[in-house]
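Heads up, the thing below is written out as structure tokens.
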Amino acid sequence: MSGRVVKKPLRGQATAAKSRAPAFSDDNSSWLKQVHKKRELFDDDDGNDDNDEGDVDEDDDEEDDDEEDDDELYDADETYGEEEDEGEEEDDDRDEEDELEFERKARQTVKKMQRDAVDNAEELREQLTSEQIALPTADELDEEASRPPDVSHVRERVKMVADVLSDFAAKRAPGRLRVEYMEVFTSDLSTTYGYSSDLIELLLALFSPAECLAFIEASETPRPVTVRTNTLKTRRRELAQALISRNVNLDPIAKWSKDGLQIYESAVPIGATPEYLAGHYMVQSASSFLPVLALQPQPGQRVLDMAASPGGKCSHIAALMGNRGTLIANDASKERLRALQANLSRLGVRNAIVMNADGRDFPKLMGGFDRVLLDAPCSGLGVISKDPSVKSEKRYADVQRCQQLQKELLLAAIDATTPNQPGHDDSGLIVYSTCSISVEENEAVVDYVLRSRPVKVVDTGLPFGVEGLTRHRSKRFHASLKLARRFYPHAHNMDGFFVCKLRKYDNAMPQKAPAAAKEADADESTDAVGPKGAPKKAPKKASVSALGKRKRPTADPSSCPGPAPKQGAERPGGGKHGDGEAKKLKRLKFMRKEASKKKGGKAKRQKHSE
């Protein structure tokens, strides 16, 4: 008979042997070797038919051999039965024998990659634990300043120093102070990202070093493009379907906005589609939705947008009002009014009156508003991703200059609001917002007006955001400022913003009476009769102005104590008494002499001409 004969053990005996002896010795390794079944699949089917008879004869012979080898298996069981790990490895070897060549190589490659990954992870862990963050010395810093900076090296050092400052007690180098780390960190941030030293100090006063680095890195990347659906002309679902048909990839912003869409990519310019030109949507950042959502204007109310250009928030107010009521859209810049008028016309806003006036003059121009939105001019520290020039050009003096203007505008907005108007139960609301994250432009301004006007901070109604600050460095603010909301690019993936909602509860202006006036009132309230029955003299009333400031009396030299100073006597501050009059006389003589010279010169020229 021709054909290949394959020897294999009986199924029952092989199973019993495997259960008793997970490992095998050299004696029984020949018959425990498994058949390469996968290779048989590639053999011809003709050879299998010829070998059927030969297999039967061989099976009979194998039964006798198996019985003789069982005793050897029992002996091997006593020696190797407890070595389970070796048995598992040999099982893997047997499985490998069943695999094809390319499968075996692939399996070995995967195992090698896993071992290398474990070794690399252990090596990296040991390196991090043993490595000390070494700060450069003063000489090394001077040497770095003398040559062009290696930005990649400085960036890595910034991350390392930020990591050390996050757990300074455990990760600092021996003998180095925190001040030294902060100096290097501040200098490296300015070098790497191009910020001015004033802004770096301002950010480090507001954030921890790690969070400051996260804010700066988030400000280096642009924020997602978002659009607001104009509900005066369409609905968000219809707008989304129209834009998707133009190969625009988009999603709703979040649950807090019913009108916003986030644009991921677009085959056409998002500001030049037919839907945009028809006024179906407005391109604006997600953070600019928040002040209007906090204001919650109602149809039929009188609303003032004190700084309305370019019209994103103003048109949002008109949409929430349903084009019913009166909306005053004001802006102090005449050049910006063109964009405001164009957007309001494109979006179909019909209840707005556009004005060009200084917001500080509104209490004199008009008042009686139910709600006022003040998106105040600011330093723009929250929108650095849109205007990178802010990080290098702005200084702390610019922040203080904006703070003064914001205080005046917010006071004017409060004075232009009338609370408790008949027919408008929910009136007297003011929303103050900025696109800055500095405390000087936000909490400090609101805290100032809380002491100057009859207003209080109320909940904004926004479902997310960081609470406003009630303390910053040595400053302490009103406890209700925690109801305000802050938004950061590294935390909320939107422009940095501040939103605070105020409610005016009275129209009376608070006035503080001076201590002298209180004493005068107390004297008037006592008995007007003297100790011996004589009428008591009327007390002199302190001259107090409308603002409660005392007039300073002018000093009379004749009533001053001590002898009058003599001419030519030395003064305590230097010089002599009477120097001023002598200088005036000397100056007059000089001027007269010059005038006479000019007259003489004119007379000589006239004679010469004659």
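Derivation of every value follows stated rules applied to the coordinates shown; laboratory data play no part. Please read these numbers as outputs of a predicted model, since none were measured by experiment. Every residue, glycine as well, gets a Cβ built from its backbone with ideal geometry; the counts of neighbours run over all protein chains shown.
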- Please list, in chain and number order, the residues 5+ apart from Gly382 or on another chain whose amide H is under 5 Å from its amide H, with Hs placed from the backbone. Ser436, Ile437
- In whole angstrom, note down how far apart the Cα centers of region 371-388 and region 278-349 are. 16
- Debye sum, Cα scatterers, region 286-504, no solvent: what log₁₀ I/I(0) at q = 0.10, 0.15 1/Å? -0.41, -0.96
- Item | Gained length - Asp167 relative to Gln241, 0.36 nm times residue gap less alpha-carbon distance | 21.6 nm
- Return the long-range amide H neighbours of Gln421 (sequence gap of 5 or more, or a different chain), with a cut-off of under 5 Å between placed amide H atoms. Ser427
- Query: Between region 427-447 and region 171-235, what is the C-alpha centre distance in whole Å?
  - Reply: 21
- Is region 228-284 rounded, prolate or oblate when judged by the Cα gyration tensor, a ≥ b ≥ c being the square roots of its eigenvalues, rounded requiring a/c under 1.5 and prolate requiring a/b larger than b/c? oblate
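Would you mind calculating the relative contact order of region 286-504 from Cα pairs under 8 angstrom and at least 6 residues apart, reporting the percent as a whole number? Intermediate results must be reported in sequence, preceding the final value.
Values: 470 pairs, mean separation 46.4, N = 219.
The value is 21 percent.
State, as an integer percentage, the relative contact order of region 236-337 based on alpha-carbon contacts under 8 Å between residues 6 or more apart.
20
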- Message: Pairs of alpha-carbon atoms within less than 8 angstrom and 6+ residues apart define the contacts here; what relative contact order does region 162-307 have, in percent?
- Response: 20
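Going down the table (Lys171/Lys386; Lys394/Lys475; Lys159/Lys255; Lys386/Lys407; Lys334/Lys482), which pairs top 29 Å between alpha carbons?
Lys171/Lys386; Lys159/Lys255; Lys334/Lys482
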- Query: For Lys456 and Lys364 in one chain, what is 0.36 nm times their gap in residues minus the Cα-Cα distance, to one decimal in nm?
  - Reply: 30.8 nm
- Message: Under the rule a/c < 1.5 gives rounded, and otherwise a/b versus b/c splits prolate from oblate, where does region 138-219 land using the Cα gyration tensor?
- Response: oblate
- Cβ under 10 Å from Tyr281's Cβ, Tyr281 left aside: what net charge do those residues give with Lys, Arg +1 and Asp, Glu -1? +1
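So for His280, His153, His316, His492, fewest C-beta neighbours within 10 Å to most, what's the order? Working shown, then result.
Details: His280 24, His153 12, His316 27, His492 19.
If I rank by nearby Cβ atoms, fewest first, I get His153, His492, His280, His316.
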